[in-house]
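Engineer: This is the structure I want to talk about, given as structure tokens.
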Amino acid sequence: MALRLIKILPPKNTEDLEQLFDDDNVVDYWIEQTDSGQKSITLLADVELTEKILNDLDSKFSESDDFRIVLLPVAATIPKHEVEDVEKEDEGGEAKKDDDRVKRISREELYEDIKEVVDISWVYLVLIALSCIVAANGLIRNSPAMVIGAMVIAPILGPNVGLALATTLGDKALLKRSLKSIAYGFSLGMVLSIAMGFLFALDPEVYEIESRTVVSFADIALGLAAGVAGCLSFTRGISAAVIGVMVAVALLPPMVATGLLLGSGMYELAFGAGLLTLTYIICVNLAGVLTFLVQGIRPNDFSEQKDGEEFSRYAIIIWVSLLVMLAGIIYWQFVLE
């Protein structure tokens, strides 16, 4: 299991530093004195216990702003840390699993990871542009290899997971940044796709395009699966690059197909591709919010918890309502056929 290094600079004149943490939750610890005379503590802990440690420390230092806690990943340690199956006894004397483990990285680490991938930068915009150009060529030429290549470079996962986390935590700042990143990315992709649809000849009967102009209930399952996989890749500390391809499978090709068809004047087919894109967006974000809630990701502060619960509740209601509407449209399309 992965380990984390927690560097603590407690408030000055803090006594009994050993009592600031639970020995059962740490692998090892060191207490040192800095050049300024302030003491510091370094903890080595299991990644699944870092959230509890950080919460405990934050509550102990909540009345002071003269402290700093830094969380660092650990690549390796010697001697090797052997993971033990920790058990406790309940009131009846029966052994029970230690429920301090959250089976994921800490909320703070997750937040910082996602915050890095929702910012709009020239790299983000260039990757969006390149992925749309490659995807458009793949769709026009009916080349699955090109479409897959576009998915690999498309940075679509981060902003959508950021939106799901923002609604889960009730974080308005992260919500605005995620929405802004999504809006810029999709706007750029649509403009480029429409331009390419206007400039190049398009055969709507090729499989890569035709398959993305019809929505089915299987697409709802794919969107939900992509959202769960994308969020789990962050909460488990897995590389988001591979899982990001799955999210791009759902979002990038139908978005580019929508733009190509609009640019070519095939508005009825463009409506079907746009409906498919919207279905995936709704499913990915709904699955993301539910995944975070199931994993116990909540705001730490009481007032923030209230905002987070309201955001999550409203987000789930909105996403589910939209999904029900889309399911009705899908069902109606099958009836008409």
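The values are calculated or read from the model by the stated rules, or taken from the named source; none is laboratory data. Here the structure is a predicted model, which is why all the values come from computation and not from measurement. All Cβ positions, glycine included, derive from the backbone under ideal geometry; neighbour counts span all protein chains shown.
Engineer: Considering only the range 182-222, state which residues are of a type in the set (S, T, N, Q) and more than 22 Å from the chain's Cα centre (by Cα).
Structural biologist: Within the range 182-222, Ser193, Ser211, Thr213, Ser216 meet the criteria.
Engineer: Same structure again: Among the candidates Glu337, Glu304, Glu268, Glu309, which residue alone is of a type in the set (Asp, Glu) and modelled with pLDDT of 90 or more?
Structural biologist: When all the criteria are applied, what remains is Glu268.
Engineer: From (1) part of a loop (DSSP other than H, G, I, E, B); (2) hydroxyl-bearing (Ser, Thr, Tyr); (3) under 27 Å from Ser312 (Cβ atoms), pick out the condition that doesn't hold for Thr213.
Structural biologist: Among (1) part of a loop (DSSP other than H, G, I, E, B); (2) hydroxyl-bearing (Ser, Thr, Tyr); (3) under 27 Å from Ser312 (Cβ atoms), Thr213 violates only (3).
Per-residue answers, yes or no, for (1) modelled with pLDDT of 90 or more; (2) aliphatic (A, V, I, L, M); (3) out of contact with any Phe, Trp or Tyr (no Cβ under 7 Å at 6 or more places or on another chain):
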site	(1), (2), (3)
Phe186	yes, no, yes
Ser193	yes, no, yes
Met196	yes, yes, yes
Pro204	yes, no, yes
Ile209	yes, yes, yes
Phe217	no, no, yes
Gly227	no, no, yes
Leu232	no, yes, yes
Ala240	no, yes, no
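For (1) buried (at least 21 other Cβ atoms within 10 Å of the Cβ); (2) among the small types (Gly, Ala, Ser); (3) not assigned by TED's automatic domain parsing to the domain that holds Ala327, each residue gets a yes or a no:
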| site | (1), (2), (3) |
| --- | --- |
| Leu179 | no, no, no |
| Leu188 | no, no, no |
| Ser193 | yes, yes, no |
| Val215 | yes, no, no |
| Asp219 | no, no, no |
| Thr235 | yes, no, no |
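Engineer: Restricting attention to the range 51-107, and to residues there that are under 22 Å from Asp16 (Cα atoms) and part of a loop (DSSP other than H, G, I, E, B), which single residue is modelled with the highest pLDDT?
Structural biologist: Top of the filtered list is Phe67.
Engineer: Another question, then. Can Val47 be described as β-branched (Val, Ile, Thr), closer than 17 Å to Ala75 by Cβ and touching a strand residue (DSSP E or B) at 6+ places or on another chain (Cβ under 9 Å)?
Structural biologist: Considered against the rule, which asks whether it is β-branched (Val, Ile, Thr), closer than 17 Å to Ala75 by Cβ and touching a strand residue (DSSP E or B) at 6+ places or on another chain (Cβ under 9 Å), Val47 comes out as yes.
Engineer: Listed residues Val289, Val294; which is more than 19 Å from Glu205 (Cβ to Cβ), exposed (fewer than 14 other Cβ atoms within 10 Å of the Cβ) and at pLDDT 85 or above?
Structural biologist: So the residue among Val289, Val294 that is more than 19 Å from Glu205 (Cβ to Cβ), exposed (fewer than 14 other Cβ atoms within 10 Å of the Cβ) and at pLDDT 85 or above is Val294.
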